[in-house]
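> Dumping the structure here so I can ask a few things about it.
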Amino acid sequence: MQITAVRFLPLTTLMLCAVFATLTASSRAGEPLRLTIWPDEAPLGEGKSEKVKVPITVHLPEATKATGAAMVICPGGGYGGRVVEGEGHRIARWLNAHGIAGVVLEYRLPAGNYHRPLLDVQRAIRVVRSHAAEWKIDARRIGIVGFSAGGHLASTAGTHFDGGNEKSADPIERLSCRPDFMVLVYPVITMGEKTHGGSRRNLLGPSPSPELIELFSNEKQVTDKTPPAFLTHARTDAVVPVAHSQMFYEALKAKGVPVELQEFPKGNHGYSGYKGAEWDAWQKRSLEWLGEQGMLKAAP
């Protein structure tokens, strides 16, 4: 089974002008920008679409702190919900404090159609890249961060991407959807034997084929083109076993992709409600790692 880029109809000039006008006004106001990533209907794959809004909220850092880096944020929730505050806007504000733009993606819940969240995260990365100059972002330093099932979506973005469709009438679709780096926090990775059952059921349905299970077992989709990754996980996580991060770490290492896995000897899923020693430690180390990867340079 192969995932291919979806073709889209061009945006009208009027629609583009309206979007850009809204963004410019919001930027001047100094508040988060909220916009929808699909112009009218959102694709469902296989030539189908649905009339639904898929929003992103763009939190830009103060100009004096900006590093030029940005991260699309994928909150967790088992693909049955989204923890938009704790693993979304709160993360964006933390990133802003360190000069990184944070883009919270309220991806569509799959309800058994894996196209929904995947197409949304690919589009979100393209949209951010298309606004790089306007938002003072380096288009080569746009990463992704995901938590739990949002970590699965983030790792899917890092293993299922394309360079854009240069023939598309939509200029956004001409851009790459490959993230430049990944930060994966207690992520779901595999859809195989050690999977998180609820996430797999919500994403792939009750009886997915072996081919579909393998396609979304992201430890099996790693290549030497997969972006660098920082992973963090507690060995005592009773919801998503640490084996998920370990498998992805080993797969990246085998392909020569820069990767670091921060394992904690104790800790639970969600790191005690987004506070405490483990929570503080992964945030501190992930920023150090990003700096070591050259992702936190001064803004261009």
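> Would you check which residues across segment 100-134 are out of contact with any Ser or Thr (no Cβ under 7 Å at 6 or more places or on another chain), within 28 Å of G291 (Cα to Cα), assigned to a loop (DSSP other than H, G, I, E, B) and hydrophobic (A, V, I, L, M, F, W, C) and list them?
Once the filter is applied, which keeps residues that are out of contact with any Ser or Thr (no Cβ under 7 Å at 6 or more places or on another chain), within 28 Å of G291 (Cα to Cα), assigned to a loop (DSSP other than H, G, I, E, B) and hydrophobic (A, V, I, L, M, F, W, C), segment 100-134 yields A132, A133.
> Does segment 233-242 contain any residue that is over 25 Å from G291 (Cβ atoms) and among the charged types (D, E, K, R)?
Start the filter on segment 233-242 by keeping residues that are over 25 Å from G291 (Cβ atoms), which leaves 235-242.
Among the residues that remain, those that are also among the charged types (D, E, K, R) are: 235, 237.
There is at least one residue in segment 233-242 that is over 25 Å from G291 (Cβ atoms) and among the charged types (D, E, K, R).
> If a residue has to be touching a helix residue (DSSP H, G or I) at 6+ places or on another chain (Cβ under 8 Å) and not in a helix (DSSP H, G or I) to count, how many in segment 271-300 make the cut?
So in segment 271-300, the residues touching a helix residue (DSSP H, G or I) at 6+ places or on another chain (Cβ under 8 Å) come out as 271-274, 278-279, 282-283, 296.
Now drop any that are not not in a helix (DSSP H, G or I), which leaves 296.
Of the residues in segment 271-300, 1 are touching a helix residue (DSSP H, G or I) at 6+ places or on another chain (Cβ under 8 Å) and not in a helix (DSSP H, G or I).
> Could you list, in sequence order, all residues of segment 181-235 that are buried (at least 17 other Cβ atoms within 10 Å of the Cβ), among the β-branched types (V, I, T) and assigned to a loop (DSSP other than H, G, I, E, B)?
Scanning segment 181-235 gives V188, I189, T190, T195, V222, T226.
> Among the residues of segment 131-156 satisfying the criterion of being over 17 Å from F248 (Cα atoms) and among the aliphatic types (A, V, I, L, M), which is farthest from the chain's Cα centre (by Cα)?
Looking at residues that are over 17 Å from F248 (Cα atoms) and among the aliphatic types (A, V, I, L, M), I get A133.
> Residue under question is T156, and the condition is that it be β-branched (V, I, T) and surrounded by fewer than 24 Cβ atoms within 10 Å (Cβ to Cβ); does it hold? Spell out how you get there, then give the answer.
On the way: β-branched (V, I, T): yes; surrounded by fewer than 24 Cβ atoms within 10 Å (Cβ to Cβ): no.
Spelling it out, it is not the case that T156 is β-branched (V, I, T) and surrounded by fewer than 24 Cβ atoms within 10 Å (Cβ to Cβ).
> Kindly provide the set of residues from segment 140-180 that are within 14 Å of A229 (Cα to Cα) and either hydrophobic (A, V, I, L, M, F, W, C) or assigned to a loop (DSSP other than H, G, I, E, B) (or both), ordered by number.
Step one: filter segment 140-180 for residues within 14 Å of A229 (Cα to Cα), giving 141-147, 151-159, 178-180.
Matches in segment 140-180: R141, I142, I144, V145, F147, L153, A154, A157, R178, P179, D180.
Residues are listed down the side, and each one gets a yes or a no for (1) in contact with a helix residue (DSSP H, G or I) (Cβ under 7 Å, 6 or more places away or on another chain); (2) touching a residue at least 24 places away in the same chain (Cβ under 8 Å); (3) part of a strand (DSSP E or B):
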site	(1), (2), (3)
P61	yes, yes, no
T64	no, no, no
I73	yes, yes, yes
N96	no, yes, no
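> If I filter segment 54-90 down to residues being over 18 Å from the mean Cα position of the chain (by Cα) and of a type in the set (D, E, K, R), which single residue comes out as modelled with the highest pLDDT?
So in segment 54-90, the residues over 18 Å from the mean Cα position of the chain (by Cα) come out as 61-67.
Within this subset, residues satisfying the condition of being of a type in the set (D, E, K, R) are 62, 65.
Values: E62: 96, K65: 93.
Filtering first and then ranking leaves E62.
> Filter segment 106-119 for residues that are surrounded by fewer than 24 Cβ atoms within 10 Å (Cβ to Cβ) and closer than 22 Å to R90 by Cβ and give the result.
Answer for segment 106-119, where residues must be surrounded by fewer than 24 Cβ atoms within 10 Å (Cβ to Cβ) and closer than 22 Å to R90 by Cβ: E106, R108, L109.
> Which residue pairs have Cβ atoms closer than 6 Å, lie 6 or more positions apart in sequence or on different chains, and pair a first residue in segment 180-206 that is more than 27 Å from P258 (Cβ to Cβ) with a second residue that is modelled with pLDDT of 95 or more and hydrophobic (A, V, I, L, M, F, W, C)?
Taking only residues 6 or more apart or on different chains, the pairs are R200/M191; L204/L212.
> Which members of segment 250-259 meet the condition of being surrounded by fewer than 19 Cβ atoms within 10 Å (Cβ to Cβ), touching a residue at least 12 places away in the same chain (Cβ under 8 Å) and not in a loop (DSSP other than H, G, I, E, B)?
Matches in segment 250-259: E250, A254.
The values are calculated or read from the model by the stated rules, or taken from the named source; none is laboratory data. Please read these numbers as outputs of a predicted model, since none were measured by experiment. Ideal geometry is used to build each Cβ from the backbone, glycine not excepted, and the neighbour counts take in all protein chains shown.
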